[in-house]
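The values are calculated or read from the model by the stated rules, or taken from the named source; none is laboratory data. None of these values were measured; they are calculated from a predicted model. Cβ placement follows ideal geometry from the backbone for every residue including glycine, while neighbour counts extend to all protein chains displayed. Only protein heavy atoms, including side chains, enter the accessible area calculation; ligands, DNA and RNA are left aside. Shrake-Rupley method; radii C 1.70, N 1.55, O 1.52, S 1.80 Å.
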Amino acid sequence: MNKLANVEKLKESGMVAVIRRPRPQDIQHIAHALIEGGVGALEITVDTPGVFEMIASLKNNFGGRTLVGAGTVFDAETAKLAIQAGADFIFAPILDLETIRVTNALGKISIPGVMTPTEIVTAYEAGADLIKIFPGNALGTDYIKELQGPLGHIPMMPTGGVTLDNAAQFIRNGAVAIGLGGSLVKKDAIEAGRYEELTHTARQFAHLIQEARK
Ligand SMILES: O=C[C@H](O)COP(=O)(O)O
């Protein structure tokens, strides 16, 4: 699938799940549970041991059903390795122009992390496909609303502290999608093997997003 179609797929689901340092024995279960719940993009952070093998294996097992990406990517070299492993998108908490350039050159989705209006525009003009507003909840739902006047043409995705309590407001205030770590990829449920909790929570987020878009 080409990049633009993948961007649309990500926006349609409206959720990127941030999977940080999963145990190897859990990752396929986590992915399956989240996809069942309607998550259209799964991100594994690159501080995970064996992350590139995990990305390759998720692409192999679930590639037709979800996008698979690499997160917490700070540099272009790591982005390249992730894309070689099969990553569809590169997600970051920071803005690194070379990472955007390389990700674009390789035809993949670039989602850098930024905070200020100047950074948002810098990232967008450098070719970012979506802009991660980080840390989303610390900046607040009103921050996204205020940005819509001058920067409403730029697709924003608040991430960091997004929960069932504030997700709908972020969407109503103009976010095209949200990034979800701890509130969706729940460590206690995973450790106890209660993967159905992840599916259930993903469905709750999906419902909130759909309703907020009406
Ligand atoms: O970059 C992504 C964040 O680590 C996710 O934050 P969260 O766990 O508060 O959703």
Selected from ILE35, ILE131, ILE190 as most flexible by GNM, with the chain as the system and alpha-carbon contacts under 10 Å = ILE190
How long is the range 93-214 along each principal axis, judged by its Cα atoms, biggest number first, in Å?
-> 42, 32, 24
How much area per residue is accessible in the range 1-149 when the probe is 1.4 Å and only protein heavy atoms are counted (Å²)?
-> 42 Å²
What is the packing order of peptides 69-75, 4-10, taking the mean over residues of other C-beta atoms within 10 Å and listing the highest first?
-> 69-75, 4-10
For the chain, which semi-axes, largest first and in whole Å, follow from the square roots of 5 times the eigenvalues of its Cα gyration tensor?
-> 24, 21, 14
Share of accessible surface on carbon and sulfur in the chain, whole %, 1.4 Å probe and ligands ignored, is 53 percent
For the range 64-152: span of alpha carbons on each principal axis (Å, largest first) = 38, 27, 19
At a probe size of 1.4 Å, how large is the accessible area of GLU211, to the nearest 10 Å²?
-> 90 Å²
Positive-pole candidate from ILE131, THR48, ALA31, dipole of the range 3-213, charges at beta carbon = ALA31
Reachable lysines from LYS9, Cα under 25 Å, same-chain residues fewer than 8 places away excluded?
-> LYS59, LYS80, LYS108, LYS132, LYS145, LYS186, LYS214
Cα pair count fraction exceeding 14 Å, expressed as % - the range 1-74 = 56 percent
